[in-house]
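Right, one structure below, let's go through it.
The values are calculated or read from the model by the stated rules, or taken from the named source; none is laboratory data. None of these values were measured; they are calculated from a predicted model. Cβ: placed from backbone, ideal geometry, glycine included. Neighbour counts: every protein chain shown. Ligands, DNA and RNA are stripped out before the accessible areas are found, and what is left, the full protein with its side chains, is counted by its heavy atoms. Shrake-Rupley method; radii C 1.70, N 1.55, O 1.52, S 1.80 Å.
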Amino acid sequence: MVRSGAKKWIFIFGFLIISLLGPGSRSNAAAGRAVSPENKTAVVCRDAHDFVTVGIRLVHAPFHFQKTEWLKAGAVAGTTGLLFLADETIRRLALNHQNTTNDALFNVDQFYGNGITAAAVLGLYGAGYLFRNERMRLAGLHAAEAVTYAGTMTVALKILFGRRRPYGGKSNLFFKPFQIKDVYNSLPSGHATVAFAVSTVMAKSGHNPYWKIFWYSMAGMVAASRIYHNRHWASDVFLGAAVGYATGSFVMHF
């Protein structure tokens with residue numbers, strides 16, 4: 001039997017291998033391009049500058065929104081609000097279908113969308129740097145940017161809203177703002193945010209449709225698992241997914 005901790009680290013290793021060998025690279029030439037030893041210091045400095053610059057641009061982005069961006073933001077907020085009407089129904093549906101098979105299927109949130117994912121992202125960047133593989137390094141850098149900034153926004157929103165998690169009570173309309181207790185950190189879902197942030201970066205790193213389906217499916221499974229495990233309402237995971245996707249897309253378009 002493989003212990004749970006070992007399984008998680010095996011997942012990290014698989015994550016790195018998939019990222020390196022997957023069919024989704026933008027160009028085969030770039031995938032194998034190496035960084036010369038004398039440029040390593042310059043590369044790290046440039047990456048650090050890129051990391052900070054992306055964060056600054058992301059903070060300034062709302063001040064430069066055009067009509068299209070505001071419509072998208074409104075659609076996300078509106079859909080989140082509408083899902084409040086279905087939260088209780090979706091929760092009951094998930095709890096009524098808990099069984100051994102589904103337990104195994106929805107165990108994905110133990111490996112993806114949490115600290116394990118953050119470690120994999122850092123490992124991906126480190127491996128790309130050490131082995132002078134530009135594709136791995138850039139994928140790790142962009143994923144780290146998306147996770148850091150999307151995660152920061154999600155934590156801020158969690159504290160601001162103070163929504164009670166479903167296991168804390170039956171009502172999905174109980175809010176206690178400016179709390180740091182986990183039970184009041186439901187909206188939005190952190191797991192969904194991280195999963196969609198990383199999956200969006202990885203999916204947009206390639207053109208192969210199966211590559212994209214794999215990554216978005218992984219993120220979708222994480223979102224569903226949070227509802228299945230009674231950790232989040234459906235509206236929580238939708239908003240988290242939106243934050244993660246929007247941040248990952250911003251990073252990749254930067």
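Computed from Cα atoms, the angle from the helix 87-96 axis to the main principal axis of the chain rounds to 80 degrees. When all protein chains stay in place and ligands, DNA and RNA are ignored, the 1.4 Å accessible-area order of Lys67, Lys212, largest first, is Lys67, Lys212.
Taking the Cα centre as origin and putting +1 on Lys and Arg beta-carbons and -1 on Asp and Glu beta-carbons, what dipole magnitude results for the stretch 159-254, to the nearest 20 debye?
Here the stretch 159-254 has a charge dipole of around 280 debye.
Kirkwood analysis of the Cα pair distances in the stretch 141-221 returns a hydrodynamic radius of 13.7 Å. Among Tyr167, Tyr112, the sequence by solvent-accessible area, most first, with a 1.4 Å probe is Tyr167, Tyr112. Couplings 3J(HN,Hα) for the stretch 167-180, derived from phi with the Karplus relation 6.51 cos²θ - 1.76 cosθ + 1.60 (θ = phi - 60°), are 6, x, x, 6, 6, 8, 10, 9, 10, 9, x, 6, 10, 9 Hz, where x marks Gly and Pro. Across Leu187, Leu93, Leu141, mean-square fluctuation computed from a Gaussian network of the chain (C-alpha pairs under 10 Å connected) peaks at Leu93.
Every helix of 4 or more DSSP H residues in the chain counts as -39500 (n - 2.57), and over all residues that averages to -23000 deg cm²/dmol at 222 nm.
Fully extending the segment from Leu173 to Asp103, taken as 0.36 nm per residue of separation minus the present Cα-Cα distance, adds 22.5 nm.
Rounded to the nearest 20, the size of the Cβ-charge dipole of the stretch 68-218 about its Cα centre is 180 debye, with Lys and Arg at +1 and Asp and Glu at -1.
In the chain the Cα-Cα distances spread across 10 Å bins starting at 0 as 7, 29, 34, 22, 7, 1, 0 percent of all pairs.
The heavy atoms of Phe161 present about 70 square angstrom of accessible area, all protein chains included, probe 1.4 Å. A compact globular protein would have a Cα radius of gyration near 2.2 N^0.38 Å; the ratio found for the stretch 53-197 is 1.25. In this structure, the pairs whose alpha-carbon distance is over 24 Å, taken from Lys72/Lys204; Lys40/Lys204; Lys40/Lys212, are Lys40/Lys204; Lys40/Lys212.
Against the chain, whose longest principal axis comes from its Cα atoms, helix 134-161 is set at around 30 degrees. Along the axis of the charge dipole computed for the chain (Cβ charges of +1 for Lys and Arg, -1 for Asp and Glu, origin at the Cα centre), the listed residues Phe214, Thr79, Ser186 are led at the positive end by Ser186. 3J(HN,Hα) couplings calculated from phi for the stretch 206-211 with the Karplus curve 6.51 cos²θ - 1.76 cosθ + 1.60 (θ = phi - 60°) are, in sequence order, x, 10, 5, x, 5, 4 Hz; Gly and Pro show x. The amide H of Arg163, built 1.01 Å from its N in the peptide plane, has Lys176, Ser186, Leu187 as neighbours under 5 Å, considering only residues 5 or more places off or on other chains. Kirkwood analysis of the stretch 111-254, using all unique Cα-Cα pairs, places the hydrodynamic radius at 15.3 Å. Assuming charge only on the beta carbon of Lys and Arg (+1) and of Asp and Glu (-1), the dipole of the chain about its Cα centre is about 220 debye to the nearest 20. Along the stretch 190-202, what does the Karplus equation 6.51 cos²θ - 1.76 cosθ + 1.60 (θ = phi - 60°) give for ³J(HN,Hα), rounded to whole Hz, x for Gly and Pro? After applying 6.51 cos²θ - 1.76 cosθ + 1.60, I find x, 4, 5, 4, 5, 4, 6, 5, 5, 5, 5, 4, 5 Hz.
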